[in-house]
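K.L.:
Sharing a structure with you now.
What follows draws every value from the coordinates through simple rules; no lab data is involved. Fair warning: this is a prediction, and the values are worked out from it, not measured in the lab. We place every Cβ from the backbone using ideal geometry, glycine too, and count neighbours over all the protein chains shown.
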Amino acid sequence: MKTQGSRKKITVYTDGACSGNPGPGGWAAILEYRGTEKEISGGAPETTNNRMEVTAVVEALSILKEPCEVELHTDSQYICNSMNNGWAESWKAKGWKRKGGEPALNADLWDKVLDLCAVHDVTFIWVKGHDGDDRNERCDRLAVSQSVAFQNNQTDRAKL
């Protein structure tokens, strides 16, 4: 199914954030195609940082309207190791169990990532967080702002 050459080449940056773990969280992605960028972000009131990291990947790949060649940059070693080392595929093959039979965390999201990677040719690239990469820093700010918005929403509810 994967054929390179005729596919659009998309650059994606993703990030997740969480205030507390678990706690209110946010995710963000920046997609770039031929010099045009699109930012997307969202969050959840009670989540984990890793869940937000994986959600960012799912959301970014889900908005692509056709099979693409994607270079996905993330500061999450959880994302890169799970995909580049075949961990997510192994968890799925074992019925979403990890080594030792423990349940794989975020299996619902990893299942979506694997499905999306069957459509798109995705290369996962780790970037050091908070190290001056403009898009990584922007993704971080977007994800944190979503986390703060959910945190503020919870604080507002507590005052009622």
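K.L.:
Return the single residue from Thr55, Thr36, Thr47 with maximal mean-square fluctuation; model: Gaussian network over the chain, springs between Cα atoms under 10 Å.
P.N.:
Thr36
K.L.:
Let me ask you something else. What is the order of Tyr33, Tyr13, fewest Cβ neighbours within 10 Å to most?
P.N.:
Values: Tyr33 14, Tyr13 29.
Lowest to highest Cβ neighbour count: Tyr33, Tyr13.
K.L.:
Right, next: Considering the chain as a Gaussian network with a 10 Å cut-off on Cα pairs, which listed residue, Leu64, Leu72, Leu142, attains the greatest mean-square fluctuation?
P.N.:
Leu64
K.L.:
Test of understanding: express the Cα radius of gyration of the stretch 73-143 as a ratio to 2.2 N^0.38 Å, with N the residue count.
P.N.:
Numbers: Rg = 13.8 Å, N = 71, 2.2 N^0.38 = 11.1 Å.
With N residues counted in the stretch 73-143, Rg over 2.2 N^0.38 Å equals 1.24.
K.L.:
Between Asp108 and Glu89, with labels modelled 7 Å along Cα→Cβ, what's the label distance in nm to one decimal, could you check?
P.N.:
2.6
K.L.:
On to the next question. Taking the number of other C-beta atoms within 10 Å as the exposure measure, put Ser82, Ser145 in order starting with the fewest. Before the final figure, lay out the partial values.
P.N.:
On the way: Ser82 25, Ser145 14.
By the 10 Å Cβ count, ascending: Ser145, Ser82.
K.L.:
With label points built 7 Å along Cα→Cβ from the Cα atoms of Asn152 and Thr36, find their separation and express it in nm.
P.N.:
Result for the modelled spin labels: 3.1 nm.
K.L.:
Using 0.36 nm per residue of separation minus the Cα-Cα distance, give me the extension gain between Trp126 and Glu71 in nm, one decimal. Mind showing how you got there, number by number?
P.N.:
On the way: separation 55, 0.36 × 55 = 19.80 nm, distance 1.06 nm.
Additional length available on full extension: 18.7 nm.
K.L.:
Here's something else I'd like to know. Test of understanding: ordering His120, His130 by Cβ neighbours within 10 Å, fewest first, what list do you get? Intermediate values should be presented prior to the final figure.
P.N.:
Details: His120 19, His130 9.
The most exposed by this proxy come first: His130, His120.
K.L.:
Sticking with this one: Quote the charge dipole size of the chain about the Cα centre in Debye, to the nearest 20; the model charges only the Cβ of Lys and Arg (+1) and of Asp and Glu (-1).
P.N.:
On the way: 20 positive and 23 negative charges, 78 e Å.
Dipole of the chain, to the nearest 20 debye: 380 debye.
K.L.:
Compute the Cα gyration tensor for the stretch 22-90, then decide on rounded, prolate or oblate, letting a ≥ b ≥ c be the square roots of its eigenvalues: rounded whenever a/c is under 1.5, prolate when a/b is larger than b/c in the other cases, and oblate in all that remain.
P.N.:
Working: a/c = 2.13, a/b = 1.18, b/c = 1.80.
Since a/c reaches 1.5 but b/c is at least a/b, the shape of the stretch 22-90 is classed as oblate.
K.L.:
I've got another one for you. Springs between alpha-carbon pairs under 10 angstrom, Gaussian network model over the chain: which of Asp131, Asp121, Asp75 fluctuates most?
P.N.:
Of Asp131, Asp121, Asp75, the most mobile in the Gaussian network model is Asp131.
K.L.:
Summing +1 for each Lys or Arg and -1 for each Asp or Glu, what net charge is found among the other residues whose Cβ lies under 15 Å from the Cβ of Gln146? Mind showing how you got there, number by number?
P.N.:
Numbers: positive: Arg51, Arg138, Arg141; negative: Asp15, Glu39, Glu46, Glu53, Glu59, Asp140.
Net charge around Gln146: -3.
K.L.:
Also, quick follow-up: Summing -39500 (n - 2.57) over the DSSP H runs of n ≥ 4 in the chain and dividing by its residue number, what mean residue ellipticity at 222 nm do you reach, to the nearest 500 deg cm²/dmol? Provide the component values of the computation, followed by the final result.
P.N.:
Values: 5 runs with 68 residues, N = 160.
One gets -13500 deg cm²/dmol as the mean residue ellipticity at 222 nm.
K.L.:
Trypsin sites (Lys or Arg not before Pro) within the stretch 39-133: which are DSSP loop residues with at most 15 other Cβ atoms inside 10 Å? Intermediate values should be presented prior to the final figure.
P.N.:
Values: sites: Arg51, Lys65, Lys92, Lys94, Lys97, Arg98, Lys99, Lys112, Lys128; in loops: Lys65, Lys94, Arg98, Lys128.
Hits after loop and neighbour filter: Lys65, Lys94, Arg98, Lys128.
K.L.:
Report relative contact order for the stretch 8-159 in percent, whole number only (criteria: Cα-Cα under 8 Å, sequence separation at least 6). Before the final figure, lay out each step's value.
P.N.:
Details: 301 pairs, mean separation 51.8, N = 152.
Here the relative contact order equals 34 percent.
K.L.:
For the stretch 8-159, evaluate the Debye formula with one uniform point scatterer on each Cα (no solvent term) and list log10 I(q)/I(0) at q = 0.15 Å⁻¹, rounded to two decimals.
P.N.:
The calculated log intensity ratios at q = 0.15 Å⁻¹ are -0.75.
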